[in-house]
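Reviewing the structure listed below.
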Amino acid sequence: MILAAGRGERMRPLTDSTPKPLLEVRGKPLIVWQIEALARAGFRDIVVNLAHLGGQIEDRLGDGKAFGVGIAYSREESALETAGGIAHAMHLLGNVPFLAVNSDIYCDFDYSTLLAKIDQMANRSVLAHLVLVDNPEHHPQGDFFLEDGRIVPCGKEKLTFSGIGIYRPDLFHGIRPGQSARLAPLLNDAIVMGAVSGMHHRGLWIDVGTPERLLELNSGGRIGA
């Protein structure tokens, strides 16, 4: 699933007329970079959730055949936050572990490294597997502690959640379709239960969250705060 329903408030005024996933990085929409990376890794069935200016995204991507994938759309009247958007799309995602990716990141992560983990999670009690990255300048406090492949409640230093994660449908069972819900509370509860694993990606990863970062990325400059 590619999460693409957000309003992109920090990207205004660019997102007043263009949905954030269609903003271009080096000549290609952010969401297309993600679709192509997923296709290279062997993912063929993709769900994209839509809200703000979602029709533009659907018009641009179509059924996905141009990218070698099939795309189904989960439409939201207004953005339901991450967990709410996933729960709303569960009828398209099915009853097995799935990968979910933010549409507004630019990275060199190899999604094929997660295929084995998706299969493993089908038969284990782990509810989520998160990809973490070094803390960027604009988020020095980080999000989660990682120790020996597990996300733990406390530790030495937090890393930042990349927006890339594998989830079991069970994690979202308490959320009804159409209900707005954040992902962090669900993950924090699962971490306390010892049900979240993780890994550290040390390669390229950029949260393209502001016009300034988008400009720096397109100019080939250093991405700052």
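Read the figures in this text as sums done on the coordinates, not as results from a lab. Just so we're clear, the structure is a prediction, and the values are computed from it rather than from any experiment. Methodologically, a virtual Cβ is constructed for each residue, glycine included, from the backbone with ideal geometry; neighbour enumeration extends over all protein chains shown.
For the stretch 2-219, the antiparallel share of DSSP beta bridges with both residues in that region comes to about 55%.
Across the stretch 44-111, the relative contact order, built from alpha-carbon pairs under 8 Å that are at least six residues apart, equals 33 percent.
Rounded to the nearest 500, the 222 nm mean residue ellipticity of the chain from helices alone is -7000 deg cm²/dmol, with -39,500 (n - 2.57) taken per DSSP H run of at least 4 residues. Using a ≥ b ≥ c from the Cα gyration tensor of the stretch 58-143 (square roots of the eigenvalues), is it rounded, prolate or oblate, where a/c under 1.5 gives rounded and otherwise the larger of a/b and b/c decides, a/b for prolate? In terms of gyration-tensor shape, rounded. Partners of Lys20 within straight-line reach, counting lysines whose Cα lies under 20 Å from its Cα and excluding those fewer than 8 residues away in the same chain: Lys28. Put a plus charge on the Cβ of each Lys and Arg, a minus charge on the Cβ of each Asp and Glu, and nothing anywhere else: the dipole of the chain about its Cα centre is then about 180 debye.
Of the options (i) 30, 18, 16; (ii) 25, 22, 17; (iii) 30, 24, 16, only one is semi-axes √(5λ) of the Cα gyration tensor in Å as computed from these coordinates, and that is (ii).
Per residue, the average separation of C-alpha pairs within less than 8 Å and at least 6 apart gives the chain a relative contact order of 25 percent.
Which of the peptides 21-31, 100-110 is most tightly packed, and how do the rest follow, going by the mean number of other Cβ atoms within 10 Å of each residue? Before the final figure, lay out the partial values.
Working: 21-31: 17.7, 100-110: 20.2.
My ranking of the peptides, most packed first, is 100-110, 21-31.
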